[in-house]
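Presented below is the structure to which this report refers.
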Amino acid sequence: MTTRTPLMAGNWKMNLNHLEAIAHVQKLAFALTEKDYEGVEVAVLPPFTDLRSVQTLVDGDKLKIRYGAQDISAHEPGAYTGEISGSMLAKLHCSYVAIGHSERRQYHGEDEPLVNAKVKAAFQHGLTPILCVGEELEVREAGNHVAHTLAQVDGALRDVPQKDAVTLVIAYEPVWAIGTGKVCGEEDAQEVCGAIRGRLRELYGEETAEAVRIQYGGSVKAGNVAKIMAQPDIDGALVGGASLDADEFVRIVRFRD
Ligand code: PEP
């Protein structure tokens, strides 16, 4: 019997300016009831430029919605033009930070050593990484999706101690399912999420394997979320496109209804 609290997180990607962000979080706050937060954690990952506005709203109204960033610098503050440090995100009371999203791997050349450094930077500043892993279509077609994804987990967690790893969130996001409308079958998603939990067991032991939340991400919608969430090793969803529609995201949060 699992005690992991599902995490439903909206990755807004490069959408919504800070005014739109305020309106969007207000809509979510208005729609979500106390009952919706029972046994579910709700988070949004806005662009950096929205974080201060979201923080002001969440702190001011004591909202239960959590928030975080879509990326973090591996460096401490200094001469790194365009980067945002973990200390800056912590100062904005971010709970989470997505690391190694496939769009960062694909368009910004992020590799395992960089993802590993970012995971460590997040932990150093008390932020919970949402570590994104998952295979491209050709890797799945070749039948190497489990090995590929586990290698990403191994690389990202190199020299990460158990005391940090136990708080981690991992998002399994098959690249071919992100933003394409092609959702991974729930049994296929379970196969990889179960293998990730098995690898955590090998690396850190039973307590960590049982504590870490593993999300599925890739074209999650209100219409398919319940089947995905019914899988034993899936503890939430990382939702891209559908999280930009407040009503749809609320329906996803209510996956049990
Ligand atoms: C994502 O951006 O992490 C994602 C899963 O996107 P989408 O839900 O649009 O596929």
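Nothing in this text is a laboratory measurement; each read-out follows from the coordinates by a stated rule. As the structure is a computational prediction, the values presented were derived from the model and not from experiment. Because the Cβ atoms are built from the backbone with ideal geometry, glycine has one as well, and the counts that use them run over all protein chains shown.
Among the chymotrypsin sites (Phe, Trp or Tyr not before Pro) within the range 26-101, those in coil by DSSP and having at most 13 neighbouring Cβ atoms inside 10 Å are Y80.
Give me M14, M229, M88, M8 sorted ascending by neighbouring Cβ count inside 10 Å, so fewest comes first.
Values: M14 8, M229 21, M88 17, M8 25.
Starting with the residue having the fewest Cβ neighbours, the order is M14, M88, M229, M8.
Under the simplified labelling scheme, the E141-H18 pair shows an inter-label distance of 4.5 nm, with each label point 7 Å from Cα along Cα→Cβ.
Return the FRET efficiency for the residue pair A151, T81: r is the Cβ-Cβ distance, R0 is 25 Å, and the value is rounded to the nearest 0.05. Before the final figure, lay out each step's value.
On the way: r = 32 Å, r/R0 = 1.27.
The formula returns an efficiency of 0.20 here.
If you build a Gaussian network model of the chain, linking Cα atoms that sit under 10 Å apart, which residue out of G179, G60, G100 swings the most? The residue with the greatest mean-square fluctuation here is G60.
Can you compute the charge dipole magnitude of the range 132-257 about its Cα centre, using +1 on each Lys and Arg Cβ and -1 on each Asp and Glu Cβ, nothing else charged? Give it in debye, rounded to the nearest 20.
Details: 13 positive and 22 negative charges, 54 e Å.
Value, rounded to 20: 260 debye.
Label separation (D159 vs Q55): 2.9 nm, computed from points 7 Å beyond Cα along the C-beta direction. Amide H contacts of V44 (H built 1.01 Å from N, in plane; Pro and chain starts excluded): G10, R66, Y67, G68 sit under 5 Å, all sequence-distant by 5 or more or on other chains.
Take the residue pairs K64/K120; K13/K64; K64/K118; K27/K163 and return only those whose Cα atoms are more than 32 Å apart.
Values: K64/K120 27 Å; K13/K64 21 Å; K64/K118 26 Å; K27/K163 36 Å.
Listed pairs above 32 Å: K27/K163.
About the Cα centre of the chain, how large is the charge dipole given +1 on each Lys and Arg Cβ and -1 on each Asp and Glu Cβ? Please answer in debye to the nearest 20. Write down the numbers at each step before the final one.
On the way: 26 positive and 37 negative charges, 116 e Å.
About 560 debye.
For L238, L92, the sequence from fewest to most other C-beta atoms within 10 Å is L92, L238.
How large is the direction-averaged shadow of the alpha-carbon convex hull of the chain, in nm²? The directionally averaged projection comes out at 12.8 nm². Taking θ as phi - 60° and the Karplus parameters 6.51, -1.76 and 1.60, the scalar couplings of the range 23-28 work out to 4, 5, 5, 4, 4, 4 Hz in sequence order, x denoting glycine and proline.
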